[in-house]
1. Using protein chains only and a probe of 1.4 angstrom, how many square angstrom of SER15 are accessible, to the nearest 10?
2. What figure in square angstrom, to the nearest 10, would you give for the accessible area of LYS140 with a 1.4 Å probe?
3. On a 1.4 Å probe surface of the protein chains, which of TYR220, TYR42 comes out largest in accessible area, and what is the full order?
4. Which sequence of GLU209, GLU193, GLU174 reflects their accessible areas, 1.4 Å probe, from the largest down?
5. Compute the length gained on full extension between THR130 and GLU209: take 0.36 nm times their separation in residues and subtract their Cα-Cα distance, giving the result in nm to one decimal.
6. With every protein chain present, what accessible area does PHE26 have (1.4 Å probe, heavy atoms only), rounded to the nearest 10 Å²?
Amino acid sequence: MYNTDLPTRAELPSSAQLLRSTGIAFISAVFILVTIVLPAEYAIDPTGIGRTLRLTEMGEIKGQLAAEAAKDRESSTAPAQAVPAQPSPDKRSSVFDQFFANLVISSASAQQPIVLAQATKPRSDETVITLKPTEGVEYKLTVKAGAKVNFSWVATGGVVNYDLHGTAPEGGKEKSFKQGRGVAKDEGVIAAEVDGVQGWFFRNRGSSEITIILKTNGAYGEIKRMV
């Protein structure tokens, strides 16, 4: 029986080599963060590389969709709720403010209780949504922690911008989970981590009327138009 010889001290990397390798790995991680992750996720492009690779545009789309969804929800709930008017947010003056604004969707409606029927058994729905040019709409359903809902939607007559969002595990605030621009269809599974609401915001940026067929199947309460 032969045992592999242990490496000698001379064969082991020196402290200087280890530090150099660690430094290279750290610099590489920072480079990827600054040139790829920040532009694509948050439209922050200090080097200009993200704009060249068209990654910054992706981040801008995500920020635009989140802002549109929040603005429309605020405008729809403000007349119906007897609550003090919320001050409009100031323009972001720092990288960290922009990072936070694009990461989390916060709105007045997120702080208001949404009265929807709680799920009692699995159900299926087919919802027909019609959007005129520039019109936006939001649909939500109630889910309990651990529930799963299969969904699919198809737009006819054009493409739409959309934002899939809902109650996040962190503090019960609203968070955007998936976004798209100029999309004709999508499908997937909503897996609720906490009790709350999940739903879609759709926006028609085209010049003609669009019809969306939204199909949902799973354990959830009624699906309801919010905007």
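1. Solvent-accessible area, nearest 10 Å²: 90 Å².
2. Accessible area of LYS140: about 0 Å².
3. Ranking TYR220, TYR42 by accessible area, largest first, yields TYR42, TYR220.
4. On the way: GLU209 105, GLU193 135, GLU174 5 Å².
Descending order: GLU193, GLU209, GLU174.
5. Working: separation 79, 0.36 × 79 = 28.44 nm, distance 0.72 nm.
Length gained between THR130 and GLU209: 27.7 nm.
6. PHE26 exposes around 140 Å² with every protein chain in place.
The values are calculated or read from the model by the stated rules, or taken from the named source; none is laboratory data. In this text, all values refer to a predicted model and were calculated from it rather than measured experimentally. Surface areas here come from the heavy atoms of the whole protein model, side chains and all, with no ligands, DNA or RNA. Shrake-Rupley method; radii C 1.70, N 1.55, O 1.52, S 1.80 Å.
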